[in-house]
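The values are calculated or read from the model by the stated rules, or taken from the named source; none is laboratory data. Owing to the predicted nature of the structure, the values given are computational and were not obtained by experimental measurement. Because the Cβ atoms are built from the backbone with ideal geometry, glycine has one as well, and the counts that use them run over all protein chains shown.
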Amino acid sequence: MERKYPNLCNPIKIGNVWFRNRMFSAPMGGTDITADGCIGRGSTAFYELRAKGGAGAVTVSECMVHPETDGSHAYHLDLKVPGSLASFTYTADAIRRHGAIPSLELSHSGQFAGTYMTDKDKKNTLCQYGVSTSVRADGMEIRELTKDQIQEIVAAYGEVAGNAKRAGFEMLMIHGGHGWLVNQFLSPYFNHRTDEYGGSLENRVRFAKEVIASVRNAVGIGFPIEFRMSGSELFEGGYTLEDGIEIAKQIEDSIDLLHVSAGTYQRGFGITHPSMFEEHGRNVYLAAEIKKHVKVPVAAIGGLNDPAQMEEIIASGQADVVEMARALLADHQLPDKIMRNEEDKIIKCLRCFTCMAERAVTSTRRCTVNPLIGRELDGMEIIPARKKKKVLIAGAGPGGLQAAITAARRGHQVIVCEKTDGPGGILKSEQAIPFKHEMYELGNTLERMAKEEGVEIRYGTEVDKLYAERETPDALIIACGSSPVIPPIEGIDQDQVIMVNQYYLKKDQVSDTVVVLGGGLAGCECAIHLAQEGRTVHLVEMRSELAPDANVRHRPLLLEKISDYVTVHTGLKGIKVTEDGILCEDSDGRESLVPGKTVICAAGQRANRKAVDELRDSAPYVAVIGDCVKPSTITTAVYQGHHAALDI
Ligand SMILES: Cc1cc2nc3c(=O)[nH]c(=O)nc-3n(C[C@H](O)[C@H](O)[C@H](O)COP(=O)(O)O)c2cc1C
């Protein structure tokens with residue numbers, strides 16, 4: 001078989017170990033971690049799914065090496081707890097049995113540890129240890145690690161590395177980037193020591209070198225050690241790419257894979273985890289530049305999900321391996337699909353940050369486009385139904401199509417009816433906004449997958465009561481979405497007003513000055529896009545804040561972009577559309593004109609309840625999913641679609 005992406009599919013030997021391909025699963029912190037730091041069954045199943053999906057290596061994330069001074073959240077692993085070895089062994093086994101190499105990330109958060117976790121009995125009067133004395137932004141006092149403590153931590157790396165090897169891990173990743181302890185030593189911003197661990201770059205690298213030596217001593221020659229570093233800290237005062245190159249040169253002889261990421265968690269979250277506003281692979285240049293100066297194999301990471309781009313990264317010698325985190329949440333089978341030349345079936349990550357936000361807020365793991373994530377123990381395989389049924393689905397948005405795929409996989413006869421002429425529902429409107437293009441693509445990918453599962457799709461067909469009853473389905477899934485709210489404002493029906501969902505059709509009519517009415521997610525993102533295209537954009541929102549429902553990881557990045565590009569008017573209500581903009585009034589009744597020759601109306605969505613009411617008695621089994629229940633997220637639609645189909 002001729003592989004379309006021969007470089008990605010090419011095995012690689014790192015240390016003494018062969019990896020089946022060059023697509024590695026980067027560390028992603030778990031949720032099912034026991035209170036004493038063991039890997040729960042749910043987490044094991046999560047990592048196993050990555051291995052089943054074809055990744056060359058799967059890195060289990062964040063094993064603390066020195067719990068006495070570390071632990072930034074409740075999901076750190078701890079290999080020093082008596083009896084913990086079993087859980088690590090089961091996890092390594094679960095990864096290995098599908099042909100992937102199990103790796104474990106060894107980490108220490110340093111000054112950014114959650115002090116409440118490290119100083120439980122307050123013996124140290126709630127202080128945190130870091131490379132140098134300072135006061136953290138939250139007021140926490142940071143004490144400089146003593147040399148004895150440094151030696152204790154260095155030794156702890158070795159001890160944990162030895163245990164990890166015994167548990168069956170075949171590679172170890174030392175986390176030396178993203179602002180955590182090893183990075184704090186490397187950084188002139190954090191490191192103000194005057195001893196042999198501070199000052200010159202050589203001194204700042206000393207701790208990293210000692211850590212690597214300690215791990216090497218425990219695991220032996222040939223056992224692959226991957227060192228994760230930020231190629232540059234990418235903030236004023238942090239180390240630069242030139243420093244990154246020097247750091248790499250100083251450690252390359254003692255490691256087997258240099259993993260080049262970027263920035264720090266605390267000062268550039270949307271760069272370290274490139275947000276939807278960033279180019280895919282925006283950090284690859286760091287790996288590529290460093291690779292020119294070292295002989296050790298180099299891995300690149302950051303917003304990668306496109307097979308052609310990843311193939312080119314390796315083919316052109318910018319890196320030897322590509323690593324992905326979110327892309328493998330969205331589609332754990334991504335490597336497998338690339339190996340099989342089925343790249344058109346890859347479900348792309350939307351970079352919406354639901355994954356990171358859900359863990360922070362609800363302690364669950366979730367992915368907008370992959371309903372299996374976080375539910376791996378419920379069963380990763382779709383179990384065929386005992387009796388084949390006829391399933392009619394009204395609506396080919398993401399929820400309807402996901403329902404169709406799942407129902408068809410269970411062996412049912414599935415017909416999807418869609419009143420427009422194409423798939424995606426509301427996602428169709430995302431095609432004109434480049435940073436949301438993957439949302440648009442999702443509709444097309446789901447359509448392709450549904451057709452491959454044998455689903456019949458009838459476009460230009462609206463399901464009404466008569467239609468549904470004539471089809472006599474055993475099950476009806478109503479996924480007929482939502483419609484835009486049109487606020488009762490004088491002049492809202494004029495030609496210069498464009499509904500945000502219609503923007504992609506009327507893009508060419510938008511003038512140079514625009515006022516966006518409605519500061520929810522859709523309004524904010526459209527405003528950013530219009531401004532990025534060079535237009536003058538004003539954003540009017542009745543509430544006092546923008547996009548309050550956006551998730552906790554995406555929202556700060558969204559607001560940052562808004563403040564870069566858009567003039568915001570909160571607390572204003574639009575009362576009249578004029579030729580020159582929108583006349584607004586504030587809570588005291590004061591009027592003002594917000595200028596804009598075009599008005600984009602993004603006042604929210606309303607569930608299409610009428611269709612639901614009409615259809616709800618049209619089959620023995622009826623499920624209502626997605627926006628027609630209540631306008632919500634793609635996540636909700638996809639989950640509800642999948643589960644409604646499982647319930648048939
Ligand atoms: C849900 C999630 C959890 C993560 N947890 C960790 C972690 O525990 N340790 C770590 O070094 N990086 C962690 N990361 C960062 C990723 O390893 C990766 O560096 C980052 O997401 C950029 O890669 P991507 O664009 O392919 O997602 C996490 C990322 C995500 C999305």
Does at least one position in the range 586-594 carry a residue that is in contact (Cβ under 8 Å) with a residue 60 or more places away in the chain and under 14 Å from G481 (Cβ atoms)? no
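Grab the strands (runs of 3 or more DSSP E) fully contained in the range 1-88, keeping just those with 2 or more residues being in the same structural domain as M356 (by TED's automatic domain parsing), touching an Asp or Glu at 6+ places or on another chain (Cβ under 8 Å) and under 27 Å from I382 (Cα atoms). Working first, answer last.
On the way: elements: 12-14, 17-19, 23-25, 57-64.
Here the list reads 23-25, 57-64.
One line per residue, one yes/no per condition, for (1) surrounded by 22 or more Cβ atoms within 10 Å (Cβ to Cβ); (2) of a type in the set (A, V, I, L, M, F, W, C):
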{"position": "L557", "(1), (2)": "no, yes"}
{"position": "H569", "(1), (2)": "no, no"}
{"position": "G581", "(1), (2)": "yes, no"}
{"position": "R609", "(1), (2)": "no, no"}
{"position": "I625", "(1), (2)": "yes, yes"}
{"position": "K630", "(1), (2)": "no, no"}
{"position": "T633", "(1), (2)": "no, no"}
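Please list, ordered by residue number, the helices (runs of 4 or more DSSP H) wholly in the range 284-339 having 2 or more residues that are within 15 Å of the ligand (Cβ to nearest atom) and in contact (Cβ under 8 Å) with a residue 60 or more places away in the chain. It would help to see each step written out before you state the result.
Working: elements: 284-291, 307-315, 326-330, 334-339.
Output list reads 307-315, 326-330, 334-339.
Here's the yes/no breakdown for (1) among the basic types (K, R); (2) touching a Lys or Arg at 6+ places or on another chain (Cβ under 8 Å); (3) closer than 17 Å to E226 by Cβ:
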{"position": "A45", "(1), (2), (3)": "no, no, no"}
{"position": "L49", "(1), (2), (3)": "no, no, no"}
{"position": "G56", "(1), (2), (3)": "no, yes, yes"}
{"position": "T59", "(1), (2), (3)": "no, no, yes"}
{"position": "H66", "(1), (2), (3)": "no, no, no"}
{"position": "T69", "(1), (2), (3)": "no, no, no"}
{"position": "A74", "(1), (2), (3)": "no, no, no"}
{"position": "A100", "(1), (2), (3)": "no, yes, yes"}
{"position": "L104", "(1), (2), (3)": "no, no, yes"}
Among L258, L304, L234, which is the only one that is closer than 26 Å to A137 by Cα and among the aliphatic types (A, V, I, L, M)? L234
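Between V624, V540, V629, which is outside the structural domain of L401 (by TED's automatic domain parsing) and within 30 Å of G424 (Cβ to Cβ)?
Details: V624 fails: outside the structural domain of L401 (by TED's automatic domain parsing); V629 fails: outside the structural domain of L401 (by TED's automatic domain parsing).
Within the list V624, V540, V629, the selection yields V540.
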Output yes when any residue across the range 352-368 is among the aromatic types (F, W, Y), outside the structural domain of A623 (by TED's automatic domain parsing) and either free of Cβ contacts under 8 Å to residues at least 60 places away in the same chain or within 16 Å of the ligand (Cβ to nearest atom) (or both), and no when none is. yes
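Considering only residues that are more than 13 Å from the ligand (Cβ to nearest atom) and touching a residue at least 12 places away in the same chain (Cβ under 8 Å), look in the range 340-351 and name the one that is surrounded by the most Cβ atoms within 10 Å (Cβ to Cβ). Write out each step before concluding.
Kept after step one, since they are more than 13 Å from the ligand (Cβ to nearest atom), are these residues of the range 340-351: 340-347.
Restricting the remaining residues to those that are touching a residue at least 12 places away in the same chain (Cβ under 8 Å) gives 341, 343-347.
Details: N341: 14, E343: 17, D344: 12, K345: 15, I346: 21, I347: 25.
Out of the qualifying residues, it is I347.
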Are there any pairs, at least 6 apart or on different chains, whose C-beta atoms fall under 7 Å, with the first in the range 1-27 and on the phi > 0 side of the Ramachandran plot and the second more than 16 Å from the ligand (Cβ to nearest atom), and if so, which? G15/G222; G15/F223; G15/P224; G15/D256
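Could you check the range 96-117 and list, in sequence order, the residues that are among the hydrophobic types (A, V, I, L, M, F, W, C) and either in a loop (DSSP other than H, G, I, E, B) or within 16 Å of the ligand (Cβ to nearest atom) (or both)?
A100, L104, L106, F112, A113, M117
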